[in-house]
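The values are calculated or read from the model by the stated rules, or taken from the named source; none is laboratory data. All figures in this text were calculated on a predicted structure; none of them were measured in a lab. Using ideal geometry, Cβ is built from the backbone for each residue, glycine included, and neighbour counts are taken over all protein chains shown.
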Amino acid sequence: MHLPKAELHLHIEGTLEPELAFELAARNGITLAYADTEQLRKAYLFDDLQSFLDLYYGLMAVLRTEEDFEELADAYLARAAAQGVRHAEIFFDPQAHTARGVPFATVVEGLGRALDRSEERHGVSTRLIMCFLRDQSAESAMATLEAAKPHLHRITGVGLDSAEVGHPPAKFAAVYEAAGALGLRKVAHAGEEGPAAYVREALDVLGVERIDHGLRCVEDPDLVERLVRERVPLTLCPLSNVRLRAVDVLAEHPLPRMMAAGLLCTVNSDDPAYFGGYAGDNFLAVQEALGLHQEQLRELARNSFEAAFLDGGPEEEAL
Ligand code: ES4
Ligand code: ZN
């Protein structure tokens with residue numbers, strides 16, 4: 001599926017393919033608990049968010065140097081470009097790296113090296129969004145924002161990810177306020193496995209401009225009406241929803257109903273190495289399983305550019 005599109009929900013650590021994991025492990029003298037890429041790929045079968053996250057964080061051990069992060073990002077950008085992605089807003093999880101002794105600067109400079117060459121090499125413009133791990137403390141998130149300060153020229157916004165239930169958005173109110181004061185854009189995962197109330201809270205308490213996933217908004221008609229009225233973009237990830245059992249099968253994904261309700265939906269890949277496909281694969285999968293027509297696919301692609309942080313943000317719009 002080569003329709004030109006923007007990818008707005010992509011965790012760079014979730015693009016680590018088994019082959020690259022083994023290559024980096026060998027280079028860094030790390031022994032993985034899997035015999036080969038085939039065995040590792042079999043471990044990429046899980047049935048909920050937590051079992052996925054355990055593997056995802058564990059495998060990050062192979063990422064140690066700037067070169068590692070550069071290679072990871074460059075490999076993603078090449079694959080994305082081949083599937084029609086022209087603009088990518090890329091999440092990374094600084095705490096997952098600093099907690100194991102990899103400095104913030106190593107991560108952001110390594111990713112930055114690949115991103116700096118992306119337009120020229122791959123024809124893909126990029127933005128970087130740092131995510132706070134919501135199952136860690138608000139203090140840790142604030143310390144992470146502090147660590148980001150020397151690198152803000154590379155960072156467009158903040159996000160919130162990891163285990164959702166029990167970690168409502170309001171926990172991070174002060175961090176998001178501080179991020180906003182630094183001129184950073186704001187997004188948050190909400191309504192993936194958590195309730196519709198978390199989507200409301202992300203809007204009201206954190207002041208986010210986009211909701212990552214937001215799937216469970218459909219349980220709350222008043223919320224849907226508000227999201228439509230305010231044109232709040234939702235970054236949906238259909239293949240992720242199937243693999244993490246947010247929906248039983250793709251044919252039952254609420255995407256067509258959400259589009260019909262007037263929601264500003266986008267289709268993204270989340271953690272493509274783990275969930276069975278990149279951006280174009282997600283477009284193709286919803287086309288086949290949900291019978292979306294060309295015009296609906298074009299609407300999704302148009303939405304992705306409308307929802308992208310390609311403008312100067314709310315402050316510029318207010319001028
Ligand atoms: C994630 Cl699918 C998903 N949900 C929450 N946090 C994440 N981090 C990486 N992928
Ligand atoms: Zn995600």
Kindly provide the set of residues from the stretch 247-285 that are assigned to a helix (DSSP H, G or I), over 26 Å from residue 56 (Cα atoms) and in contact (Cβ under 8 Å) with a residue 24 or more places away in the chain, ordered by number. 251, 255, 256, 257, 258, 259
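Would it be correct to say that residue 230 is touching a residue at least 60 places away in the same chain (Cβ under 8 Å), away from ligand 2 (no atom under 15 Å from the Cβ), surrounded by fewer than 24 Cβ atoms within 10 Å (Cβ to Cβ) and among the acidic types (Asp, Glu)?
Details: touching a residue at least 60 places away in the same chain (Cβ under 8 Å): no; away from ligand 2 (no atom under 15 Å from the Cβ): yes; surrounded by fewer than 24 Cβ atoms within 10 Å (Cβ to Cβ): yes; among the acidic types (Asp, Glu): yes.
For residue 230, the condition - touching a residue at least 60 places away in the same chain (Cβ under 8 Å), away from ligand 2 (no atom under 15 Å from the Cβ), surrounded by fewer than 24 Cβ atoms within 10 Å (Cβ to Cβ) and among the acidic types (Asp, Glu) - is not met.
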Pair list, Cβ under 6 Å, 6 or more apart: the stretch 88-101 residue more than 15 Å from ligand 1 (Cβ to nearest atom), other residue assigned to a loop (DSSP other than H, G, I, E, B): 88/124
Conditions: (1) assigned to a helix (DSSP H, G or I); (2) touching a residue at least 12 places away in the same chain (Cβ under 8 Å); (3) charged (D, E, K, R). Residue 146 meets all but one. Number of the miss? (2)
Those residues of the stretch 254-264 which are over 30 Å from residue 44 (Cβ atoms) and either within 15 Å of ligand 1 (Cβ to nearest atom) or surrounded by fewer than 16 Cβ atoms within 10 Å (Cβ to Cβ) (or both), in sequence order: 260, 262
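Taking residue 87 as the residue in question, decide whether it is under 22 Å from residue 141 (Cβ atoms) and either basic (Lys, Arg) or within 19 Å of the chain's Cα centre (by Cα) (or both). If you could, list the steps in order and put the result at the bottom.
Numbers: under 22 Å from residue 141 (Cβ atoms): no; either basic (Lys, Arg) or within 19 Å of the chain's Cα centre (by Cα) (or both): yes.
The answer is no for residue 87.
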Do we find that residue 49 is among the hydrophobic types (A, V, I, L, M, F, W, C) and away from ligand 2 (no atom under 16 Å from the Cβ) in this structure? no
Within the stretch 160-205, the count of residues that are touching a Lys or Arg at 6+ places or on another chain (Cβ under 6 Å) and within 16 Å of ligand 2 (Cβ to nearest atom) comes to 5
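Of the residues that make up the stretch 10-19, is at least one part of a strand (DSSP E or B) and within 16 Å of ligand 2 (Cβ to nearest atom)?
Going through the stretch 10-19, the residues part of a strand (DSSP E or B) turn out to be 10-11.
From what is left, the residues that are within 16 Å of ligand 2 (Cβ to nearest atom) are 10-11.
Within the stretch 10-19 (the criterion being part of a strand (DSSP E or B) and within 16 Å of ligand 2 (Cβ to nearest atom)), the answer is yes, since at least one residue qualifies.
Per-residue answers, yes or no, for (1) within 16 Å of ligand 2 (Cβ to nearest atom); (2) out of contact with any Pro (no Cβ under 7 Å at 6 or more places or on another chain):
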| position | (1), (2) |
| --- | --- |
| 256 | no, yes |
| 266 | yes, no |
| 279 | yes, yes |
| 284 | no, yes |
| 296 | no, yes |
When the residues of the stretch 131-150 are filtered to those that are in contact with a Gly (Cβ under 9 Å, 6 or more places away or on another chain) and either under 11 Å from residue 96 (Cα atoms) or at pLDDT below 95 (or both), which remaining residue is surrounded by the most Cβ atoms within 10 Å (Cβ to Cβ)? 132
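Would you call residue 251 hydrophobic (A, V, I, L, M, F, W, C), more than 22 Å from residue 5 (Cα to Cα), within 16 Å of ligand 1 (Cβ to nearest atom) and surrounded by fewer than 23 Cβ atoms within 10 Å (Cβ to Cβ)? Steps first, answer last, please.
Values: hydrophobic (A, V, I, L, M, F, W, C): yes; more than 22 Å from residue 5 (Cα to Cα): yes; within 16 Å of ligand 1 (Cβ to nearest atom): no; surrounded by fewer than 23 Cβ atoms within 10 Å (Cβ to Cβ): yes.
Answer is no for this residue.
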Does residue 297 satisfy being outside any loop (DSSP other than H, G, I, E, B), at pLDDT 95 or above and buried (at least 20 other Cβ atoms within 10 Å of the Cβ)? no
Give the residue, chosen from 96, 75, 81, that is surrounded by 16 or more Cβ atoms within 10 Å (Cβ to Cβ), of a type in the set (Gly, Ala, Ser) and in contact with a Ser or Thr (Cβ under 8 Å, 6 or more places away or on another chain). 75
In the stretch 52-94, what residues are within 25 Å of residue 302 (Cα to Cα), assigned to a loop (DSSP other than H, G, I, E, B) and either in contact with a Pro (Cβ under 6 Å, 6 or more places away or on another chain) or within 16 Å of ligand 2 (Cβ to nearest atom) (or both)? 84
